[in-house]
1. Suppose the filter is assigned by the TED database to the domain that holds Arg265 and exposed (fewer than 14 other Cβ atoms within 10 Å of the Cβ); does Asp198 pass it?
2. Take the residues in the stretch 373-398 that are touching a Leu at 6+ places or on another chain (Cβ under 7 Å) and open to solvent by 10 Å² or more (accessible area, probe 1.4 Å), then tell me which one is nearest to Val480 (Cα to Cα).
3. Suppose we filter the stretch 386-409 for residues that are within 12 Å of Phe361 (Cβ to Cβ), modelled with pLDDT of 95 or more and not in a helix (DSSP H, G or I); how many remain?
4. Given the conditions (1) of a type outside the set (A, V, I, L, M); (2) assigned to a helix (DSSP H, G or I); (3) open to solvent by less than 20 Å² (accessible area, probe 1.4 Å), which single one is not true for Lys481?
5. Tally up the residues in the stretch 424-450 that are open to solvent by less than 10 Å² (accessible area, probe 1.4 Å) and within 18 Å of Trp377 (Cα to Cα), please.
6. Can you confirm whether the stretch 258-279 contains a residue that is more than 26 Å from Leu338 (Cβ to Cβ) and modelled with pLDDT under 95?
7. Of all residues in the stretch 392-426, how many are acidic (Asp, Glu) and in contact (Cβ under 8 Å) with a residue 24 or more places away in the chain?
8. Please tell me if Met146 is in contact with a helix residue (DSSP H, G or I) (Cβ under 8 Å, 6 or more places away or on another chain) and either among the β-branched types (Val, Ile, Thr) or modelled with pLDDT under 90 (or both).
Amino acid sequence: MTRSCSSSSNSSFVSSFSSWLLFVSVALLTGITVCTLTTETSFWLSLSSTWTWSSAFHVFPSSPSSSSSKRDESLAGEEALPNSSSDNGFLPSVIPKQTDLLPLSSKKHEASEDLAMRGSEVGVKRYSKLMRLEAGLARARASIRMASAQSRNQTSTHDDDDPDYVPRGPIYRNAFVFHRSYLEMEKIFKIFVYEEGDPPLFHNGPCRSIYSTEGRFINEMEKAGNHYRTRDPDEAHVYFLPFSVVMMVQFLYVPDSHEIDSIGRTVVDYINILSAKYPYWNRSLGADHFMLSCHDWGPRTSAYVRELFDNSIRVLCNANTSEGFNPLKDASFPEIHLRTGEITGLLGGLSPSRRPLLAFFAGRLHGNIRLLLLQEWKDRDKDVQVYDELPDGMSYNEMLKKSKYCLCPSGYEVASPRIVEAIYAECVPVLISDHYVPPFSDVLNWNSFSVQIAVSDIPNIKTILSSISQTQYIRMQRRVKQVQRHFVVNGPPQRFDVFHMILHSIWLRRLNIHIRD
């Protein structure tokens, strides 16, 4: 269905032709792309294909076959760990071409604003607010680019008097850029939460169980006094779709039916209601909207709305690139198993010298990767202890705390709560998965505090882990303790904790697009 731009009515052909000629002239001078506004092209969206990667944020490639050798190394779990401050490949490609970083007062933006002001009175207000939002994002990108340049020169402009935390060290891909980006987020980022929809399917979610992060995020996002939430949708950079796949499965799914059409139809109806009531979904075809799901069926649910799957920011625990997860626009969501809902007393473990076990895993049979792990290692080795069921009297948490390495194999889906459990227990996580993008990979250098083992190397686990020197292990274990702050659940949330890291992941993806009516 073709949409038309807002334009003032003209009384004569000459006036129409003059306006058209003026538009084309300015478009040619400023490099504006002119296109027919269909449902496929009703917004101007710049992703990595039009933005530079140099000194930009880096994300893992969507498939191993398309990755360069350097990016392959970022997933390889090698022992060699370069200092992150010298790593130019970092975070998503949020830095646009230099021409997009001109200030609002530049001739380009003045020309664009002049064109916008020629619209109808309704259009004037809408255009100007959107342009101000985009100008603010352009300034944030410029500030981040400056931090990236300073990181190459090793000249810190960190606010060293930051009252809470100044990121430093090899756990970050680029601590300079991350800190600047985080501070920019705190200054301007605003989120509009749609209020349509009734609980329990909307505005609700479990705050305990394996899906706890979904419910806790919804709860924190909708709390009164949230710094990032705005009640004015015209002031928002992104729009939150507060439906819960977990709750939909609980109330709509027929057990053992293997049919989720009822869940998909609910999401379709919800998007239709919002797109009819507000202009924002249609304006960007969902590119500045985000959903959040920790259920395995999150990706399948989003596929019922094409724009949601293709364009929107999907924050997913099931961050599986083989199932359409796109790190350039989607964000990996940490799976945190809060068994009782309590968020205190979860951190801590024994010192490295008091950890007698080389590696540990316990978990029921759940997918082919765990099947291979159990077949290879169950009851086979006293140093690599693998169980499908713990013996009586053995504590799962205590085993984590006295192991050097904690094995984190994928189940039927790629995400595993064992990654965060290992970090909480100060045990170096060993990721065993295919096609998985770990949480906050655009910021965190997972090679510095974890080991990543290919599924084909499951028989070689002991050889691989034993080959890591004690010195290197101690470094990694120390970094696990350092990275804990980014996975901790706080109530209320605190700066740089898991809630704010999720927000920062969404912020980065919003920086990756430029929306124009």
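1. So Asp198 passes the test.
2. So the residue we want is Tyr396.
3. 8
4. Single failed check for Lys481: (3).
5. Final tally of qualifying residues: 4.
6. yes
7. Summing the residues that are acidic (Asp, Glu) and in contact (Cβ under 8 Å) with a residue 24 or more places away in the chain in the stretch 392-426 gives 3.
8. No; evaluated as a whole, the condition is false for this residue.
The values are calculated or read from the model by the stated rules, or taken from the named source; none is laboratory data. For clarity, every value in this text was computed on a predicted model and none was experimentally measured. Neighbour counts are summed over all protein chains in view; Cβ atoms, including those assigned to glycine, are modelled from backbone coordinates with ideal geometry. Ligands, DNA and RNA are excluded from the accessible area calculation, which covers all protein heavy atoms including side chains. Shrake-Rupley method; radii C 1.70, N 1.55, O 1.52, S 1.80 Å.
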